[in-house]
1. What pairs in Lys85/Lys119; Lys46/Lys85; Lys93/Lys183 have C-alpha atoms more than 28 Å from each other?
2. By DSSP, what percent of the beta bridges with both residues in region 2-198 are antiparallel, rounded to the nearest 5?
3. Work out the FRET efficiency for Ile153 and Phe96 from their Cβ-Cβ distance, taking R0 = 45 Å, and round it to the nearest 0.05.
4. Hey, could you pull the Cα Rg and Dmax for region 1-102, both in Å?
5. So for the chain, averaging the separation of alpha carbon pairs under 8 Å that are six or more residues apart and normalising by length, what relative contact order in percent results?
6. In region 60-146, what trypsin sites (Lys or Arg not before Pro) fall in a loop by DSSP, with at most 14 other Cβ atoms inside 10 Å?
7. Roughly speaking, what is the centre-to-centre gap between region 58-73 and region 120-180 when only Cα atoms are used, to the nearest Å?
8. How big is D for the chain, in µm² s⁻¹ as a whole number, if Stokes-Einstein is applied with the Kirkwood radius of its Cα pairs at 25 °C and 0.890 mPa s?
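Since every read-out is calculated from the coordinates, none of them should be taken as a lab result. The structure presented is a predicted model; accordingly, all values stated were derived computationally and were not measured. Cβ placement follows ideal geometry from the backbone for every residue including glycine, while neighbour counts extend to all protein chains displayed.
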Amino acid sequence: MYTLHNLTELNLALLPRLAEIHMGDRGLLSKLGYPFVLRYFEIAYKDRRVIGVYAQDDDSGELIGYGIASPQPESLTSQLTDDKKWFIKQIIKLFFTRPHVFIQLIVSSITIKGQMDNKANAIECVYFSVDPKYRGQKIGRTLQKELMDRARISGYKIIFASIETWNKASLSATLANGFTIVKTFREGIYHRHRLESKL
Ligand SMILES: CC(C)(COP(=O)(O)OP(=O)(O)OC[C@H]1O[C@@H](n2cnc3c(N)ncnc32)[C@H](O)[C@@H]1OP(=O)(O)O)[C@@H](O)C(=O)NCCC(=O)NCCS
């Protein structure tokens, strides 16, 4: 058995564990590397506009998975540059060690701009991930549904998501939660579906 909690209730000592679970995602953020992922979740944790939930095992207390939604997903990534010294150091390292990821970062930041079309009352399901040990038990689907319920209660009317076309588990969960595919697009090396659902 597990319980869903609000992200704001997470013991900060568990934030690195949450970042580790995220590293199992094959998306761009995890390709940037663990320091970026941890910093991203520190930002999301503090951002009052983020709707976040995590699942915790009732017996062991182990973190099982999480989901986050934001009305301004690009504002989370842009805060990665706030600590200029840290950011420049990480970017230089990325440029020399994984130049293809560096190029993808530029392509993605251009593509993502305007994706929400500044629609009022709209929110994006940014990420949801489940520890590999706990996958296939409908926990991912439940986490995303919880985000949708909380977003609706907060007054949002529509929710968006972008999912890589190969990601069958994420797509099945998202379609089962009532989203529909509205378009399919290229974002550098990524081939993604854009999905939306009324709340
Ligand atoms: C996507 C993810 C969160 C799903 O979590 P989960 O708890 O394993 O998924 P669920 O048990 O809720 O299953 C959801 C659906 O996916 C299907 N599914 C689960 N694993 C699957 C797999 N490996 N291949 C195909 N379908 C799969 C289930 O049958 C279910 O479909 P249904 O609702 O039609 O029965 C999990 O696979 C994950 O953490 N992946 C890595 C991170 C990631 O890709 N996140 C999404 C980014 S957009």
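1. On the way: Lys85/Lys119 34 Å; Lys46/Lys85 21 Å; Lys93/Lys183 35 Å.
Flagged as over cut-off: Lys85/Lys119; Lys93/Lys183.
2. Working: 31 of 34 bridges.
Bridges in region 2-198 that DSSP calls antiparallel: roughly 90 percent.
3. On the way: r = 46 Å, r/R0 = 1.03.
It comes out at approximately 0.45.
4. When restricted to the Cα atoms of region 1-102, Rg and Dmax are 14.5, 45 Å.
5. Numbers: 298 pairs, mean separation 39.0, N = 199.
It comes to 20 percent, rounded to a whole number.
6. Values: sites: Lys84, Lys85, Lys89, Lys93, Lys113, Lys119, Lys133, Arg135, Lys138, Arg141, Lys145; in loops: Lys113, Lys119, Arg135, Lys138.
Here the sparse-neighbourhood loop sites are Lys113, Lys119, Lys138.
7. 12 Å
8. 142 µm²/s
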